[in-house]
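Colleague: The structure under discussion is supplied below as structure tokens; questions concerning it will follow.
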Amino acid sequence: MQQTRAIADWFRPEIQAMQPYVPGEQPQGGKFIKLNTNENPYPPSPKVVAAIQAALTARLERYPDPLGTAFRYRASEVLGVPPEWILCGNGSDDILTIVTRAFVGPGHKLRLPYPSYVLYRTLAQLQGAVFDEVQFQADFSLHADFARADEDLRLVFLPNPNSPSGSLISPRDIEQLAARLPCPLLVDEAYADFADCNCIELVKKNPQIMVSRTLSKSYALAGLRFGYLVAHPQIIETLRKVKDSYNCDALSLAGATAAIDDQQWLQENRSKILATRGRMTSHLRELEFDVCDSQANFVWCTSSKRPLKPIYEQLKQQQVLVRYMNYPGWGDGLRISVGTDDQIEACLSLLKALV
Ligand SMILES: Cc1ncc(COP(=O)(O)O)c(C=O)c1O
């Protein structure tokens, strides 16, 4: 019999060597108050459920619209950009994957800030590329090195608002950053619906700037998997070559189109979350946590006074799940998603007893 190599050796060396991306815990049993993955605590618009039910009675034996035309037309009106400027994705992670595959090849460099969304690293590694992490300054503003025009640099990711900090870089600073960079800049606006401003207008002014969005957070559709990209039409057209032919299924297209159509639901939901975020921030500060001003649907708490991991563990024992994050060379913290008032009340009263 022919000698075969060990299974591990069948893989490309960069796949063998890389650490897997580990998503936040999704407990399937128990009665957790779940404040660990920035889901929306409120349900999606009832119109979404109705649209999915209608799609279910339609012909599932047929393939879906490969370009998500109905969604793009409705989103075009909401965003004020033509439909040709929009690409649909199976969650915004799919959009980030498509963009990385299109722009970044082996040996190229992909830049991201640190600490931020760890998936960007994984996407670079999958391409056999190098990831270049540039530390934020202590106040979560960008370091001048973030704009360095390295020769191999092919793509820059900037989550805005950032996770885990919830901090925001102004569109003016982003415009100046793009002017110094030699490559495209993707502004990941997963949380922008909770912020005071966004970068859609910049996309219209400068083809180098792209914006990705998700329906997982502000539209309460994490379970549906839908995101989109706003970029110059020439970029969108070329990215269509890279995406899976049918990257969004018929049910998610129907649900996403109904969701973006119900702007009133979005705004009511957003107002509740921002009000809770404000109250939560003041209470956590009263408990002597250091809390960043957040422009997202979560808050980032650090402490020089007390270890945070035991607090995370004790909260978990009491069925309250927050995200403990430890960033080597930076420090650790608790990222707590904004829940309903009752959920946050329960979390805060446990914290009060613990500290
Ligand atoms: C900064 C950032 N970008 C993108 C995503 C992915 O969102 P989606 O659910 O659309 O894949 C997340 C999810 O947590 C995120 O935090």
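No value in this document is a laboratory result; all are computed from the given coordinates. Bear in mind the structure is a predicted one, so any value in this text is a computation, not a measurement. So basically every Cβ, Gly included, is an ideal-geometry build from the backbone, and we count neighbours across all protein chains shown.
Colleague: What residues qualify as long-range amide H neighbours of ASP332, i.e. H under 5 Å apart, gap of 5 or more or another chain, H built at 1.01 Å from N?
Modeller: It is TYR327, by chain and number.
Colleague: Let me ask something else. Given the rule -39500 (n - 2.57) for each run of at least 4 DSSP H residues, summed and divided by the residues of the chain, what is its mean residue ellipticity at 222 nm, to the nearest 500 deg cm²/dmol? All intermediate terms of the calculation are to be shown ahead of the outcome.
Modeller: Values: 12 runs with 130 residues, N = 355.
About -11000 deg cm²/dmol.
Colleague: I would also like to ask the following. Under a cut-off of 20 Å between alpha-carbon atoms, report the lysines in cross-link reach of LYS31, not counting same-chain residues fewer than 8 places apart.
Modeller: Once the sequence-local lysines are set aside, what remains near LYS31 is LYS316.
Colleague: If you don't mind, there's one more thing I want to ask. What ranking do MET18, MET325, MET280 get, fewest neighbouring Cβ atoms within 10 angstrom at the top? Working shown, then result.
Modeller: Values: MET18 15, MET325 19, MET280 25.
So the residues, fewest neighbours to most, are MET18, MET325, MET280.
Colleague: Also, quick follow-up: Once you have the Cα-Cα distance between TYR73 and ASP244, take 0.36 nm times their residue separation minus that, and quote the gain in nm to one decimal. Display every interim value, and only then the final one.
Modeller: Details: separation 171, 0.36 × 171 = 61.56 nm, distance 2.08 nm.
So the extension gain works out to 59.5 nm.
Colleague: When PHE11, PHE71, PHE103 are ordered from fewest to most other Cβ atoms inside 10 Å of their Cβ, what list results? List each step's numbers first, then the result.
Modeller: Values: PHE11 11, PHE71 27, PHE103 22.
The order, fewest Cβ neighbours first, is PHE11, PHE103, PHE71.
Colleague: Same structure, new question: Which shape class applies to the stretch 225-355: rounded if a/c is under 1.5, otherwise prolate when a/b exceeds b/c and oblate if not, where a ≥ b ≥ c are the square roots of the Cα gyration tensor eigenvalues? Working shown, then result.
Modeller: Numbers: a/c = 2.53, a/b = 1.88, b/c = 1.35.
In terms of gyration-tensor shape, prolate.
Colleague: Report, largest value first, the span of the C-alpha coordinates of the stretch 1-115 along each principal axis, in whole Å.
Modeller: Here the Cα extents, ordered largest to smallest, are 57, 44, 43 Å.
Colleague: Follow-up question, since we're still on this one. Among rounded, prolate and oblate, which fits the stretch 153-250 when a ≥ b ≥ c are the square roots of the eigenvalues of its C-alpha gyration tensor, a/c under 1.5 means rounded, and a/b larger than b/c means prolate? Show your work: numbers first, answer last.
Modeller: Values: a/c = 2.06, a/b = 1.13, b/c = 1.83.
Oblate shape, in that a/c is at least 1.5 and b/c is the bigger or equal ratio.
Colleague: What's the ranking of 253-263, 80-90, 44-54 by average number of surrounding C-beta atoms within 10 Å, highest first?
Modeller: Numbers: 253-263: 22.9, 80-90: 20.2, 44-54: 17.0.
Final packing ranking: 253-263, 80-90, 44-54.
Colleague: Based on alpha-carbon centroids, what's the gap between the stretch 105-169 and the stretch 289-355 in Å, whole number please?
Modeller: 25
Colleague: Here is a follow-up. Excluding same-chain residues fewer than 8 positions from LYS352, which aspartates and glutamates have a Cα within less than 14 Å of its Cα?
Modeller: Filter leaves GLU286, GLU288.
Colleague: Sum up the charges of everything whose Cβ sits under 13 Å from the Cβ of ILE311, counting Lys and Arg as +1 and Asp and Glu as -1, but leave ILE311 out. Walk me through the numbers on the way to the answer.
Modeller: On the way: positive: LYS305, ARG306, LYS309, LYS316, ARG323, ARG335, LYS352; negative: GLU288, GLU313, ASP332.
That sum, taken over residues with Cβ under 13 Å, equals +4.
Colleague: Then there is this: If a/c stays under 1.5 just call it rounded; otherwise compare a/b with b/c (prolate if a/b is bigger, oblate if not). Do that for the stretch 46-261, with a ≥ b ≥ c from the square roots of the Cα gyration tensor eigenvalues.
Modeller: Prolate is the answer for the stretch 46-261, as a/c is 1.5 or above and a/b outweighs b/c.
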